[in-house]
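Asks: Got a structure here, written out as structure tokens. Questions coming.
Any read-out appearing in this document is the output of simple, stated calculations on the displayed coordinates, not a laboratory observation. Remember, predicted model here, so these are calculated numbers, not experimental data. Cβ sites come from the backbone with ideal geometry, for glycine too, and all protein chains shown count toward neighbours.
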Amino acid sequence: MKVLRSFDPWRSRLCTCPPKYSLHPYTGCSHKCLYCYATSYIGTKNSTPKKHFLKKLEADLRSADKGRAVNLSTSSDPYPPIERETMLTRRTIMLLIENSVKILITTKSDILLRDIDLLSKSSSAVMLTITTLSDELSKIIEPGAPPASARLRALKMLADHGIPIGVRVDPIIPFVNDDREDLGRLVEEVVSLGASHIVCSTFKARWDSLRRIERNLGGIGRRIVELYRLTGVKMGGYIYLPEDFRRSILEPVCSKARELGVTYAVCREGLFHEKYFNSPSCDGQHLIR
């Protein structure tokens, strides 16, 4: 296939996603998140539409397994600022609907509100990434993405229109957005606005993302780099914190989700106890109608 790809082609033992396709209308990503893992292979350029993308997708769909959900997108956000002009993701969704394909959208952008008309009449669900309630902090760590407040408004509007929606608290970075009380308030807020599933994940570092964090976060950035350098463990091509540390970071999110009665899961953590994972799917596929 040209653009429709089976997710997790490396078959990582840490991946718990049900079988699905990943689909990226754009290369690069204009959101420029400091922690991005994908820059090691997609680079740091702004989002650019792929050439002849819709024609290639149309061909791929002829042989695709229609029982698998299509995830837009797992690395390059499907709603970068340029999407307002190109409407490439909108046209992609229309094509997927025409082919009766289940759609899972993962994004940080409120631009997707433009496509409520399509999502409300399709087999779809949305996972919004919200790493903090602070606009000030989100501007620092996700400089090209809409502020946290815009994502919260989008969450409420999607829920009000009956579109199944969850939230990714991903990643949780030591000394940055790992305060236990703040995480609890974040989960309370998004559930009150309509989220019915929560995914959380610790920051899995690569050397290029650590360099960005060190360069942009000053003393805190140096502390993070030192922490990963001294205690980090290499797993699946990333640098992980020790398991006990990761458990302590993830626990406030999972326990609050459990308290509020929504499903929750961790992402690529290797933690399968119900304390961290009580959901039919980690990525939100079970939300799709």
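Asks: For the charge dipole of segment 5-287, defined by +1 on Lys and Arg C-beta atoms and -1 on Asp and Glu C-beta atoms about the Cα centroid, which residue among Ile82, Ser279, Phe175 has the Cα displaced farthest towards the positive pole?
Replies: Ile82
Asks: For segment 230-289, count all C-alpha to C-alpha pairs, find those more than 15 Å apart, and express that count as a whole percent of the total.
Replies: Considering segment 230-289, 53 percent of its Cα-Cα pairs are separated by more than 15 Å.
Asks: Between their Cα atoms, which of Lys66/Lys108; Lys56/Lys234; Lys102/Lys204 are more than 31 Å away from each other?
Replies: Lys56/Lys234
Asks: Residue by residue through segment 116-124, what is 3J(HN,Hα) from phi via Karplus (6.51 cos²θ - 1.76 cosθ + 1.60, θ = phi - 60°)? Round to whole Hz and write x for glycine and proline.
Replies: Along segment 116-124, the couplings run 4, 4, 7, 5, 6, 10, 10, 7, 8 Hz.
Asks: Hey, another quick one. Net charge near Glu181, counting Lys/Arg +1 and Asp/Glu -1 over other residues with Cβ under 15 Å of its Cβ?
Replies: Local net charge: -4.
Asks: Further question: For Ser192 and Met1, FRET efficiency with R0 = 51 Å and r from the beta-carbon atoms, rounded to 0.05?
Replies: 0.80
Asks: If we sort 171-177, 11-17 on the protection proxy, mean other Cβ atoms within 10 Å, highest first, what's the order?
Replies: 171-177, 11-17
Asks: Antiparallel versus total DSSP beta bridges in the chain: what percent is that, nearest 5?
Replies: Of the beta bridges lying entirely in the chain, close to 25 percent run antiparallel.
Asks: Return one number: the angle in degrees, 0 to 90 and rounded to the nearest 10, between the long axis of the Cα atoms of helix 88-98 and the longest principal axis of the Cα atoms of the chain.
Replies: 60
Asks: Starting at 0 and stepping by 5 Å, how many percent of the alpha carbon pairs of segment 5-287 end up in each bin?
Replies: Taking all Cα pairs of segment 5-287, the binned fractions are 1, 6, 13, 17, 20, 19, 14, 7, 3, 1, 0 percent.
Asks: By how many degrees, 0 to 90 and rounded to 10, does the Cα axis of helix 207-216 deviate from the longest principal axis of the chain?
Replies: Computed tilt is about 70 degrees.
Asks: Taking springs between alpha-carbon atoms closer than 10 angstrom, which of Thr89, Thr231, Thr74 fluctuates most in the Gaussian network model of the chain?
Replies: Answer for the Gaussian network model of the chain: Thr231.
Asks: From the backbone phi of segment 33-46, what are the Karplus-calculated ³J(HN,Hα) couplings (6.51 cos²θ - 1.76 cosθ + 1.60, θ = phi - 60°) in whole Hz, Gly and Pro given as x?
Replies: 5, 4, 8, 3, 7, 7, 5, 5, 10, 9, x, 10, 6, 5
Asks: Can I ask one more? Of Leu271, Leu23, Leu128, which has the largest mean-square fluctuation in a 10 Å C-alpha GNM of the chain?
Replies: Leu271
Asks: Rounded to the nearest 500 deg cm²/dmol, what is the calculated helix-only ellipticity per residue at 222 nm for the chain, with -39500 (n - 2.57) per DSSP H run of length n ≥ 4?
Replies: -11000 deg cm²/dmol
Asks: Report, in debye and to the nearest 20, how large the dipole of the chain comes out about its Cα centre when Lys and Arg carry +1 and Asp and Glu carry -1 on their Cβ.
Replies: Value, rounded to 20: 1080 debye.
Asks: Starting from the amide H of Arg168, placed 1.01 Å from N in the peptide plane, find each other amide H under 5 Å away whose residue is 5 or more places distant or on another chain.
Replies: Sorted by chain and number, the residues that satisfy this are Leu128, Thr129, Ile130, Val199.
Asks: Just how many % of Cα pairs in segment 137-210 lie over 13 Å apart, if you round to the nearest whole percent?
Replies: 70
Asks: Please identify, among Ala154, Ala257, Ala59, the residue showing maximal mean-square fluctuation in a Gaussian network model of the chain using a 10 angstrom Cα cutoff.
Replies: Ranking Ala154, Ala257, Ala59 by mean-square fluctuation puts Ala59 first.
Asks: Viscosity 0.890 mPa s, temperature 25 °C: Stokes-Einstein D of segment 155-289 from its Kirkwood Cα radius, in µm² per second?
Replies: The diffusion coefficient I find is 157 µm²/s.
Asks: Apply the Karplus curve 6.51 cos²θ - 1.76 cosθ + 1.60, θ = phi - 60°, to the phi angles in segment 60-73 and return the couplings in whole Hz, x for Gly and Pro.
Replies: Going residue by residue, I get 4, 5, 5, 10, 6, 7, 5, x, 8, 6, 10, 9, 9, 9 Hz, with x marking Gly and Pro.
Asks: Restricting everything to alpha-carbon atoms, can you work out Rg to Rh for segment 73-166 with a Kirkwood hydrodynamic radius?
Replies: Checking Rg against Rh, the ratio lands at 0.96.
Asks: Tilt of helix 243-260 relative to the longest C-alpha principal axis of the chain, in degrees (0 to 90, nearest 10)?
Replies: 60
Asks: For Ser124, list long-range residues whose amide hydrogen, built 1.01 Å from N in the peptide plane, is under 5 Å from its own amide hydrogen.
Replies: Amide H to amide H, under 5 Å and 5 or more residues apart or across chains, Ser124 pairs with Ile103, Arg289.
Asks: Return the long-range amide H neighbours of Asn71 (sequence gap of 5 or more, or a different chain), with a cut-off of under 5 Å between placed amide H atoms.
Replies: Answer set, sorted by chain and number: Tyr21, Ser22, Leu23, Leu104.
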